[in-house]
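What follows is a short report on a single structure.
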Amino acid sequence: MAYNITLIPGDGIGPEVTEATVKVLEATGIEFHWDLAFAGDRAQDMYGTPLPQYLLDSIRKNRVALKGPITTPVGSGFRSVNVALRKTLDLYVCLRPCKSYPEVPSSYQDVDVVVVRENTEDLYAGIEYEMEAPETARLIRFIAEADGQRISEDSSISIKSISRSATRRIVRYAFEYARKNGRKKVTAVHKANIMKFTDGLFLSTAAEVARNYPDIEFETVIVDSLCMQLVRSPQRFDVLVLPNLYGDIVSELCAGLIGGLGLAPGANIGEDIAVFEPTHGSAPKYTGQNKVNPMAMMLSAAMMLRYLGEEEAANRVEGAIAQVIAEGRSVTYDMKADRNDPTAVGTSQVADAVIQKMKE
Ligand code: NAD
């Protein structure tokens, strides 16, 4: 059976890492029908919008997409194409496993943390009021009248909203993920000591959901303390569940622990739709240079294979990547101890090396 997958190469380095990843996926022997769809700069030029309707229709039809990073064109009317895509398709989970592979130049070994980030609300929802806009002045007046809090008139304001329903489903997802994947502990991350209503609700709802999973250990940690503990001893964490903004920041911190963005895969998941994409962005300065690391995108593709039930193929892809890393010969500049190491190879050579390992 062939899988119908929406393929979104994206912008900047996106097309290069996508091409390398598609080659590896096709080398698994599994058949794919790629439904090619453009978003970002290319879609803006072709259709006058960075997020065309046909792309959304394609993902809704195929239910699974593999996506490169997208640059948000300045002045497109979208704060971020990526955020709009996640919100439109209600992809409420951002799943970012961060795992150490042997021989990666990094100060840390044996890290295996899974970041489960809420994807639809919090400060990231982009509800903002600009300095000196009439509605900002109204909001400032309303807040002063409602509870006497004074906000300076020359302020811009962002709204942080956290709901019980969105928290319930993300925390449930984290526990279900833990159960399915043999994980032992879920840590809910918050700043409820200061944001008593928003993060307080996240914390109390997480604790309520946790009661339904007595087989999984549950703990809570304040986000600043989490950052310190992650840097000191990341091995003590297993599955982290976080509101949107903390999740965004902490997942890059975790990517740093395992050797950088070139190795950090991800997925945005809804009830029955999933879009797999690396954590990194479109790194425009490297566009077209055959230079960047395609492994984050390949590992995202391995996550996609698992989601499709192709566990054995996923293990083969991941195993081949791990071997290429361990040998250290066919890796890109970011995987070398010295970033100017002239023996670093290019994006397409990494694909060739991974495919070779899969055959051995
Ligand atoms: P970025 O992740 O694109 O790049 C930051 C730096 O990380 C790069 O300069 C490079 O040094 C390194 N890097 C990133 N990917 C790498 C790889 N595969 N291999 C080796 N090194 C790599 O972040 P940015 O510069 O802040 O963002 C550029 C654009 O990407 C922006 O328009 C942003 O909005 C967009 N973006 C998109 C997504 C997405 O599509 N999901 C995510 C993040 C950023």
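The values are calculated or read from the model by the stated rules, or taken from the named source; none is laboratory data. These figures come from a predicted structure and were not determined experimentally. Neighbour counts are summed over all protein chains in view; Cβ atoms, including those assigned to glycine, are modelled from backbone coordinates with ideal geometry. Areas reflect the complete protein model, heavy atoms only, side chains present, ligands, DNA and RNA absent. Shrake-Rupley method; radii C 1.70, N 1.55, O 1.52, S 1.80 Å.
A few notes on this one:
- Scanning region 38-81 for residues that are touching a residue at least 60 places away in the same chain (Cβ under 8 Å), of a type in the set (D, E, K, R) and assigned to a helix (DSSP H, G or I) turns up just one, ARG60.
- Look at (1) at positive phi; (2) open to solvent by less than 10 Å² (accessible area, probe 1.4 Å) and you find that GLY29 fails only one, number (2).
- Residues satisfying the stated conditions in region 82-102, i.e. buried (at least 17 other Cβ atoms within 10 Å of the Cβ) and in a loop (DSSP other than H, G, I, E, B): LEU89, LEU91, TYR92, SER100, TYR101
- Consider region 149-188 and keep the residues that are open to solvent by 60 Å² or more (accessible area, probe 1.4 Å) and of a type outside the set (D, E, K, R). The one that is modelled with the lowest pLDDT is GLN149.
- Any hit, region 1-9, residues being closer than 19 Å to ASN82 by Cα, within 16 Å of the ligand (Cβ to nearest atom) and open to solvent by 40 Å² or more (accessible area, probe 1.4 Å): no
- Across region 40-63, the qualifying residues are those that are surrounded by fewer than 18 Cβ atoms within 10 Å (Cβ to Cβ) and of a type in the set (A, V, I, L, M), and the one among them that is farthest from the ligand (Cβ to nearest atom) is MET46.
- The condition of being under 20 Å from CYS254 (Cα atoms) and over 15 Å from the mean Cα position of the chain (by Cα) holds for only one of SER107, SER152, that being SER107.
- Residues that are more than 7 Å from the ligand (Cβ to nearest atom) and either on the phi > 0 side of the Ramachandran plot or in contact with a strand residue (DSSP E or B) (Cβ under 8 Å, 6 or more places away or on another chain) (or both) within region 280-296 comprise GLY288, ASN290, listed in sequence order.
- Only strands (runs of 3 or more DSSP E) whose full extent lies in region 159-245 are considered here, and the ones with at least 1 residues that are free of Cβ contacts under 8 Å to residues at least 40 places away in the same chain and of a type outside the set (A, V, I, L, M) are 217-222.
- Of everything in region 330-343 that is more than 26 Å from the chain's Cα centre (by Cα) and surrounded by 11 or more Cβ atoms within 10 Å (Cβ to Cβ), the residue that is nearest to the ligand (Cβ to nearest atom) is ASP341.
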